[in-house]
Every structure is written in C-alpha cells, then in structure tokens.
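Each remark here refers to the structure printed beneath this line.
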Amino acid sequence: MSMTHPTHSPEEHPVLETHGLTIRFGGHVAVNDVSCAFRQGTLTAIVGPNGAGKTTYFNLISGQLKASAGSISLYGEDITRLSAPARANKGIGRAFQLTNLFPNLTVLENVRLAIQAKSRIGLDIFSMADRHVELIERAEHYLHRVALIDRARDTASSLPHGDQRKLEVAILLALEPDILMFDEPTAGMSVDEVPVVLDLIQQIRDQGDKTVLLVEHKMDVVRSLADRIIVLHNGFLVADGDPAEVIASPIVQEAYLGMGASSHV
Amino acid sequence: MLNTILSGDFPRSRLLTIVLIVIFISLAFAPFLFPGTRSLSVAAKICYFVVLVASYDLMLGYTGIVSLSHTMFFGIGAYGVAIALNNMGASWGAVLLGTIVGLLLAVVVALVIGLFSLRVKALFFAMVTLAVASAFAVLASQMSWLTGGEDGLSYSVPKILTPAYKLMDDKLFGVRMNGRIVAYYLVFSVSFVLFLVMLRIVNSPFGRVLQSIRENDFRSEALGFQAVIYRSLASCLGALMAALAGVLAALWLRYTGPDTTLSFDIMVDILLMVVIGGMGSLYGSVLGATIFILAQNYLQNLMGAVSDATAALPLVPELFHPDRWLLWLGVMFVLSVYFFPTGIVGRLRSSS
C-alpha cells in the first residue's frame, strides 16, 4: 500500500522502526498495521486529517500507549514492552500536543528536570538540587534558545499559551534525546512566535545526528522542513516518500489536502 | 552555612521567619521558659509531631500521595521500642533493637503497599492504606500477649531518661535538672535533626522529582522518571520518619497504646496539621503541629478563663464553657481552611 522510500538505501540500519504497529480501542482501530523505519539525521513529517491516528502513533512509539499488535525497535532492539520512562531513558524524547508541563514549578525548574533526567541523579537524596550548577546552566542555555530566559523564575502556569508551547519544546531539547518527536509544536502560536520554533527544529535537523518526527498540519512548514512525509489516514499508513511527491500524489490530495488544505494553509 | 543547614529552603517571608524563630527558641529552651510537667509534655509532643507531620507532608504535599496509614508507621516505631523495653528491661540495647526492628518493619510494609498499589488511582491507594492500617490496629489490639492489647504497654526507659536521675544537684534557673530534661533534649535534638534531614530530602534532586510527579506524573514519566519507583521510595522515607517519631513518642511517654499511636483520630489530626500549616512546605508542618497541639492542650483553659471573665453576661459564658472546647476547635479549623486554603505558610508567602 505504501510507496517505497526513495532517498535511502535499504541496507542502512534504521534508528527506529515500527512493524505492523496496531492499537485497538474496543472496536475502533486507531493505528492499523503501520510499518515504517526512521533513519538517523532525517526529519520525517507525519500528516493526515484529524483523527487519522498521528498522535496515537506517537503515543505508541514513546510508550504512553501499549500496542495491541506489532512491534517497535530502537537501534534493532525490541522496545515494545518497555515503559514510557524506560524509552525516554533510551533516547526517545517527546513533546506533547496539548501543553503538558509542571504548572506550579518555575519555567527553569521545568527544563532543569529534563536535564536532571538525562544526568541520572534522580535518586540522590542528600545533595541540594540547587548546588548542581552545571544542570542549571544547561537548563538556562535551552531557555535562551527558545527565548524564555526572562521568564525563568515565573511559574509555568503563568506563561501565555505561546510561551508554554515554547517551554514544551525547550523541555524536549533539554532531554537531549536521539529521537525528537514534536506533536504540532506551533499549534496555537502567534505568527511571530512560529519562526522561533521552526528555526530550532531546522537547526536540529541540520545537526545531522538526530532523528526528528514531526506531526504538523501546516503544509508550507512540512514542505520546507521535511526530508520525507508519511501520511496516515484512518489509522493506515497511506503514503510515504519525498515531500513533493507525496503532496502531489492522488491519495494525499483525496485523503488529506482535498479536505484539509484550505483550513490549514 | 545556614544555607547548607536549611538546604537553601528559606521561609521566604519575614513574618514566617519570625514565627519559626519564636517556635524554635520556645522549644529549644522550653524546660526553662515554661517550667512544669505539663508544658514540657506539650513541648515534647510538638517536637515529635513536627517530625510526624513533616514526614506526612513529604508524601502528601510533595509527592501527592494520599495515604491514610501514617499512624500505623508511627505505631510500628513506638511499639518496636515499647515491646523491646517491656521484654528486655530498661537498657539502651533494647531501645536500639526495638528501633531497628521497628524501622525495618516500617520500610518493608511501606514498600509492599507501595509497589502493589501505587500504580493505581490516588483514591484507591488511600482506601488500601486505610484498610491495612485498620487491620494493623486490630492486630495490635488482639495480640495482647505482645502489645498489651487495648491497655497498651507501660515500661521503664533507661534510667538517664527518668525523673529519678539527677543530672546535677543544684537547680539551674530554678529548674530541677533531672532525667526528664535529658529526655526532652533527646526528643528535641533528634526531632530537629530529622526535620533538617527531611528539608534536605525535599530540596535534593530526588525531592525535585517527587514534586514533578505531584505536578504531572504523566509528564514526569515521559522525562524518564518511573513514577511508581519514586512514589514507593517517598512512602518508604515517610514511613521511616514516622516510625522514628514513634520511637521518640515511646521514649518520652513511657507508655505505648492504641490511643497514643494507632488510632484513626491521630491520622485525622495529622491531616489537619498538614492542611492548616500548608501542604508542600515542611515549615507548614512546624506551624501546623505547634498550633494544633497548643489548641488541643490549652484551648480548654483559655475558654475557662473567658467563661469566668464574662460570667456576668448572658449566654456568653455558656458559649465559652470549657466543655465546648471541641466545638471551638472545629470552628477554628473550618475557618482556617476557608481563609487559608493554601495553609498558613502559603498565605504568608503569597502576601510577602
């Protein structure tokens, strides 16, 4: 059903792979037999109409949901049975579509926790968290990158929506994962804030060592950023390939752009 | 220096700082400032209740765990020492053995409850802990050959802690320096150190993870923290501290029974102290425990005085009759929760 991927040779080992990934909620199959491989240094956009299963597919990969069938492998290792925290520790980082922060903690602390997660000192009960200066400095570095450093001491819940979205991105960056999963990172942002986040994503892609998965509705964004697009529709993977090619394909025109283009572009 | 002792967690409110210093000085010099058996007992109770309430706040306020079995751990510590002293005689060896056995049992029970039930919803966990604590209280009252049943255990403590022991022949500032003073300072200093240890724990990298789990466990897991592990460890630390508070209570009271340790009434008191003082700040437990225990012990006297002073008026003396002290205690709590929903500490900090 899917097109073959044109830009990579098949012998190159993928970082992340899903094989026949499926999840059912009662009678409804939200993600249906999705097989797809993601290679290092690439940015793959996942598009599809609302309810196509994009976020559910993300939840399956990062472990918030357990697959009904199929498997997920990371660097060739089967991680289907691992919990969300175990997958995060293995380098799968996730930003959420609905803003998902620690509301009563400071902006800095939100990011510092992500750095701390990476540094594995969570079980240290006798040192003072504020004395781990290098963690705080790294957290501040990421707040600089999303232009939130001026709000570092405020609580996360006091930020306006757009800034909360940027904080969500900063948390993901601070985790310093191998795989970065962005779920509509610019949704609900004002026009002048969007480039900040898109530039960041572009920088990460240009670094070349990370694997980025991006759920995004805005077709212009997808076209400029993505190395590859996959299309989900009713839980099925219906198209996979080079951005221009996929966008032009009849199945996408019918399944997605035909109904959604005008409202999103 | 002070920063290290307080783990960088300052009261962050001038009034709160003053109140805490007053409480600290009052407790540190209680035998001299408030001489008398009763006031010393109240001061000692405040000390070990600060530890008990702070250890509960570690779970409820910092981690978001609603447990109703905290008195069980308090009781395990107290009974450990009580049973050891009762059977082995008044030696420090018995105190040590009782403490170690009590702490081990507390940690094991907390770990088992935690690993089995901290995955489930908060309300269900509260129910599980309530059931376990009730079962434990029944067990303690049934095994009367070991625990003294409903009557509890009265026992001797090491001689240095008893009134019969003379620390010095002369009085100091008019206070007789006997073993009760030693016992008080044992309770005070251990409580103070345990409080500082907990202050360090909540400000450690571990403590920060606990707060992240309280705020948003889903997000915390996505960062890589296994919530069930952290919650279980927080429960174990809470249980350990509660058991140590129980040890202090057992040594101070020289009596351990269901009413002083295991009863659900005490669980409710602890909850009220945490809520009145302010959840999510250990300083709240100092304020909560102090105010509550003072009210419990002196409200009746105060009302007696008010009632006598207003004897000439109609109705008023009846309203403040000392027998109605529980009613007024209840009114106080309703008002304090209504006016200070974030507790006294939360109120003081937000106004500064």
For a test of the definition: using alpha carbon positions, the gyration tensor, and the 1.5 limit on a/c, classify the range B:215-352 as rounded, prolate or oblate.
oblate
What whole-number volume per residue, in cubic angstrom, does the convex hull of the C-alpha atoms of chain A give?
136
For each pair in A:90/A:210; A:166/A:210; A:54/A:218; A:166/A:218; A:90/A:218, compute the distance between the two Cα atoms and list the pairs where it is over 21 Å.
A:90/A:218
Contour excess over end-to-end distance, with Cα ends at residue B:41 and residue B:342 and 0.36 nm allotted per residue:
105.4 nm
As an exercise, use a Förster radius of 51 Å and the Cβ-Cβ distance of residue A:223 and residue B:108 to find the FRET efficiency, rounded to the nearest 0.05.
0.30
Rounded to the nearest whole Å³, what is the per residue volume of the convex hull around the Cα atoms of the range A:123-180?
112
Probe radius 1.4 Å, ligands and nucleic acids left out: which of A:17, A:168 has the largest accessible area, and how do the rest follow?
A:17, A:168
Would you please classify the overall shape of the range B:135-220 from the alpha carbon gyration tensor, given that a ≥ b ≥ c denote the square roots of the eigenvalues, rounded means a/c under 1.5, and beyond that prolate means a/b larger than b/c while oblate covers the rest?
oblate
What are the principal axis extents of the Cα atoms in the range A:36-80, in Å, biggest first?
31, 28, 15
In 20 Å bins starting at zero, report the fraction of Cα pairs in the protein assembly as shown per bin as a rounded %.
18, 41, 26, 13, 2, 0
If chain B were replaced by its equivalent ellipsoid, with semi-axes equal to the square roots of 5 times the Cα gyration tensor eigenvalues, what would those be, largest first, whole Å?
31, 27, 22
Förster-model FRET efficiency, 30 Å R0, residue B:326 and residue B:121, C-beta, rounded to 0.05:
0.35
In Å and from the alpha-carbon atoms only, list the Rg and Dmax of the range B:60-149.
14.7, 45
Solvent-accessible surface ranking, highest first, for B:332, A:128 at 1.4 angstrom:
B:332, A:128
For the range A:160-169, take each phi angle, set θ = phi - 60°, evaluate the Karplus expression 6.51 cos²θ - 1.76 cosθ + 1.60, and give the result in whole Hz per residue in order, putting x for glycine and proline.
x, 3, x, 5, 4, 5, 5, 5, 4, 5
By how many nm would the segment from residue B:146 to residue B:351 grow when fully extended, if each residue of separation counts as 0.36 nm and the alpha-carbon distance is taken off?
68.6 nm
Could you name the lysines in cross-link range of residue B:121, using Cα to Cα under 24 Å and dropping any fewer than eight places away on the same chain?
A:66
If each DSSP helix of 4+ residues adds -39,500 (n - 2.57) and the sum is divided by the residues in chain A, what number results at 222 nm, nearest 500 deg cm²/dmol?
-10000 deg cm²/dmol
Whether the range B:230-309 is rounded, prolate or oblate, judged on the alpha carbon gyration tensor where a/c under 1.5 counts as rounded
oblate
So the FRET efficiency between residue A:199 and residue B:169, C-beta based with R0 = 60 Å and rounded to 0.05, is 0.15
If exposed means no more than 15 neighbouring beta carbons inside 10 Å and the site is in a DSSP loop, what's the longest run of chain A without any exposed chymotrypsin sites (Phe, Trp or Tyr not before Pro)?
A:127-265
With all protein chains present and a 1.4 Å probe, how do A:210, B:171, A:118, B:45 order by accessible area, largest first?
B:171, A:118, B:45, A:210
Out of residues 5 or more away from residue A:236 or on other chains, whose amide H comes under 5 Å of its own, with H placed 1.01 Å from N in the peptide plane?
A:32
When Lys and Arg each count +1 and Asp and Glu each count -1, what net charge do the other residues less than 15 Å away from residue B:142, Cβ to Cβ, add up to?
-2
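The values are calculated or read from the model by the stated rules, or taken from the named source; none is laboratory data. What you are looking at is a predicted structure, and each value in this text was computed from that prediction instead of being measured. In this analysis, Cβ positions are derived from the backbone assuming ideal geometry, glycine residues included, and neighbour counts consider all displayed protein chains. Heavy atoms of the whole protein, side chains included, go into the accessibility calculation; ligands, DNA and RNA do not. Shrake-Rupley method; radii C 1.70, N 1.55, O 1.52, S 1.80 Å.
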